Structures are given as structure tokens and as C-alpha cells.
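A short worksheet on the structure shown next.
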Amino acid sequence: MTWAVVLAAALVTQATPASSKKDSFTPGADRILDSGSAAAQAATATPARPNGWTGMDASAFAALVSEAANAPLTERLLTMSQRFVNTPYVLSPLGEGSGVDPDPTFRLDAVDCLTFVEQSLALGLARTEPEVAPLLEHIRYAQAPAYEDRNHLMEAQWLPNNVRKGFLRDVTRRFGGEDAVAVTKTLTPLTWQSRSSQALQLPKERQPVGTFGMNMIPLERVMEHARSIPSGTILVVLREDLPLKATRVTHLGFVVQRKGRTYLRHASRGGYNRVVDEDLETFLGRNSRYAKWKVTGVSLFEARRPESASPGAVVRSP
């Protein structure tokens with residue numbers, strides 16, 4: 001399927017409510033967090049109001065992407081991510097168009113927390129419409145646009161690959177100061193024996209094993225630094241490291257500073273069930289009450305344009 005066809009389909013379907021998965025299988029890292037309640041939410045996800053893509057045809061979309069193409073990246077990210085506000089949350093809405101995950105490679109009518117950030121990044125980085133598809137591919141995959149080469153795991157794949165490619169920079173210590181601490185996520189052969197990890201359906205040779213480091217601002221200290229975090233910064237939520245979980249990153253979104261308050265622009269899975277600007281203090285307070293899998297803090301990443309003319313060298317995670 002060509003990008004033009006995918007784009008046309010995305011622009012047509014975004015005007016109608018998103019549907020749930022046709023079967024119970026949900027591939028990708030989100031499968032780790034899947035639940036019956038989440039599936040029920042996805043099945044009824046409808047926007048409270050149309051999102052910013054509603055009524056836009058392909059020519060208008062192309063004009064939007066190229067408009068203010070040389071504006072600061074932060075400005076571009078805020079513009080593109082704003083258009084996703086009210087977009088319904090649907091678990092794992094993107095795939096490879098065929099194979100293990102036949103979902104479309106691009107869509108504007110449904111997102112989860114990761115695909116919302118990925119598509120906003122690609123749209124913000126692109127200076128013309130033809131650049132969107134290859135940029136999204138570089139962000140979503142280690143090398144080839146294939147299911148087994150997708151950046152499924154945040155600590156072991158998505159974050160380090162996109163840091164290496166030049167799309168991201170870890171700024172947790174810059175804004176967390178002395179409160180920032182080093183944390184790790186360890187993946188062992190035992191991790192890949194768990195039911196949730198096996199649901200990813202990755203062949204053994206593509207299952208990362210090792211210890212992956214991150215910086216984190218402890219949950220109880222985040223608000224002390226919130227006002228210093230620039231709009232457009234990617235905020236990543238971490239939970240405690242459980243040996244049978246293949247990730248401890250369970251959510252992400254963009255920081256938005258507005259009228260003296262700090263918000264998180266994110267695809268909210270529960271409650272809102274759509275992309276919203278949520279008061280960060282409210283968001284963190286709710287996360288602090290999760291007892292089953294404790295939220296421990298956040299990491300911060302600055303979105304960047306790769307220094308090279310191309311979207312950057314592709315690499316496989318360790």
C-alpha cells in the first residue's frame with residue numbers, strides 16, 4: 001500500500017468514530033498492559049468534539065505540513081499535537097499494514113499514548129508531506145519496517161534507538177537537578193517466559209536481554225520542577241521494575257505550559273479515553289494512587305532534529 005493511499009484512508013476515516021480491534025489479539029508493547037476494561041473503553045471510544053484533522057483533505061494536509069516548515073521544532077510539535085486533541089484512544093492502532101499486525105501504518109482517527117507521540121514527532125519534524133512517512137518509520141523501527149524490528153520496548157529499544165538517531169535527548173537531569181536519580185530496567189530470559197512478554201510474539205533472537213539505564217525524577221518531586229520544563233518536552237512515566245514485565249515505562253506525552261499551569265498533553269487510556277491536556281498535578285496525583293504496579297517517577301526527553309541531512313542512521317538496540 002502506498003503512502004498516498006494510506007494518507008487518503010487516514011483523512012477519510014478520521015471523520016468517523018474509531019472502532020475497536022476485530023479480534024482479541026493486540027500486538028505490540030501495549031499488549032503488556034491490555035485488560036478487559038481497556039478493551040471495553042476502546043470499543044466505545046468517541047471524541048467529545050471533532051479533532052483538528054476533521055474535514056481535512058490530502059491537499060490541505062500537505063499544505064499544513066509545509067506551513068512554517070522552518071519554525072522551531074517545539075512550535076511545530078505543539079501545533080501538530082494540538083490537532084490530535086479529542087482523538088479517541090484505541091489500543092495499538094498502528095501496525096505494518098500486513099503480517100502479524102495488519103493495522104494501518106498511519107491514521108488520524110485513533111491513537112494510543114505512544115502512537116500519538118510518534119505521529120506528532122513525524123509531523124513536526126517533516127518539512128513536506130512526503131517526509132512524514134519515512135520519518136515515522138525511522139522513529140517506530142530499529143531498521144526495517146517489520147513487526148519484529150519495531151521499537152516495542154521503551155527502555156531497551158524506543159528510547160535508546162531514537163537517542164542514537166538524534167531524534168531525542170535525555171534532559172531529565174537538566175530539569176530535575178539533584179532530585180534526578182539513575183534507574184534501570186533488567187530483562188532476563190525469565191522475563192521472556194511470562195505470559196505478557198510472550199504476547200509480543202518476538203522470536204528468541206529478537207528478545208532484548210540486559211540492563212538498560214534511565215534517569216528519573218521521583219514521583220513526589222516532579223511538581224517541584226514542573227514549571228521549569230519547556231513545552232514540547234516528552235514526559236515518560238516509569239513504574240517499579242517487576243522481573244516478569246518487559247517494560248517499566250507505561251505512558252508518555254508532551255508537557256504544555258499555559259497560563260501559569262503545567263499540563264500533560266497525552267492520549268489518556270482511562271477516564272478521558274481520548275487525547276487531552278490534563279493538569280499535570282492532577283495526572284501525577286492519580287498515578288500516585290496506583291497500588292498494583294507502583295508509579296515511581298518520570299523521565300524527560302527533548303525532541304530534536306537530527307544534525308545530518310537524513311533522519312539519522314538506523315541502529316538496532318542491544
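The values are calculated or read from the model by the stated rules, or taken from the named source; none is laboratory data. Just so it is clear, the model here is predicted, and its values are computed rather than measured. All Cβ positions, glycine included, derive from the backbone under ideal geometry; neighbour counts span all protein chains shown. Only protein heavy atoms, including side chains, enter the accessible area calculation; ligands, DNA and RNA are left aside. Shrake-Rupley method; radii C 1.70, N 1.55, O 1.52, S 1.80 Å.
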**Request:** Work out the FRET efficiency for A58 and R174 from their Cβ-Cβ distance, taking R0 = 41 Å, and round it to the nearest 0.05.
**Result:** 0.55
**Message:** Regarding the range 249-293, what's the average projected area of the Cα-atom convex hull, expressed in nm²?
**Reply:** 3.3 nm²
**Request:** For each pair in K185/K292; K165/K294; K204/K294; K245/K294; K185/K245; K165/K204, compute the distance between the two Cα atoms and list the pairs where it is over 21 Å.
**Result:** K165/K294; K204/K294; K165/K204
**Request:** Report the FRET efficiency, 1/(1 + (r/R0)^6), for V6 and A182, where r is their Cβ-Cβ distance and R0 is 45 Å, rounded to 0.05.
**Result:** 0.65
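Counting only Cα atoms, I'd like the Rg/Rh figure for the range 213-264, Kirkwood definition for Rh. Spell out each step's value before the answer.
Numbers: Rg = 12.7 Å, Rh = 12.3 Å.
That ratio equals 1.03.
What do you get for Rg/Rh over the range 131-244 if you use C-alpha atoms and the Kirkwood form of Rh?
On the way: Rg = 15.9 Å, Rh = 15.9 Å.
Here the Rg-to-Rh quotient is 1.00.
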**Message:** Quick query: amide H of L252 versus all other amide H atoms, modeled in the peptide plane; which residues come in under 5 Å with a sequence gap of 5 or more or a different chain?
**Reply:** V237
**Fill in**
In whole µm²/s, the translational diffusion coefficient that Stokes-Einstein assigns to the range 84-172, given a Kirkwood hydrodynamic radius over C-alpha pairs, 37 °C and 0.692 mPa s, equals 244 µm²/s
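Could you check how much of the accessible area of the range 37-165 is carbon and sulfur, as a whole percent, using a 1.4 Å probe? The partial results should precede the final answer.
Details: 2410 of 4300 Å².
Exposed carbon and sulfur together represent 56 percent of the surface.
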**Prompt:** For the range 175-298, what mean projected area does the convex hull of the alpha carbons give, in nm²?
**Reply:** 8.4 nm²
**Complete:** Within the under-12-Å Cβ sphere about L242, not counting L242, Lys/Arg +1 and Asp/Glu -1 give a net charge of +4
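Where the accessible area of the range 184-240 is counted over protein heavy atoms with a 1.4 Å probe, how much of it, in %, is carbon and sulfur?
Numbers: 1340 of 2730 Å².
Its accessible area is 49 percent carbon and sulfur atoms.
Relative contact order for the range 192-318: what is it in percent, counting Cα pairs under 8 Å that are at least 6 residues apart? Intermediate results must be reported in sequence, preceding the final value.
Values: 175 pairs, mean separation 36.3, N = 127.
Computed value for the range 192-318: 29 percent relative contact order.
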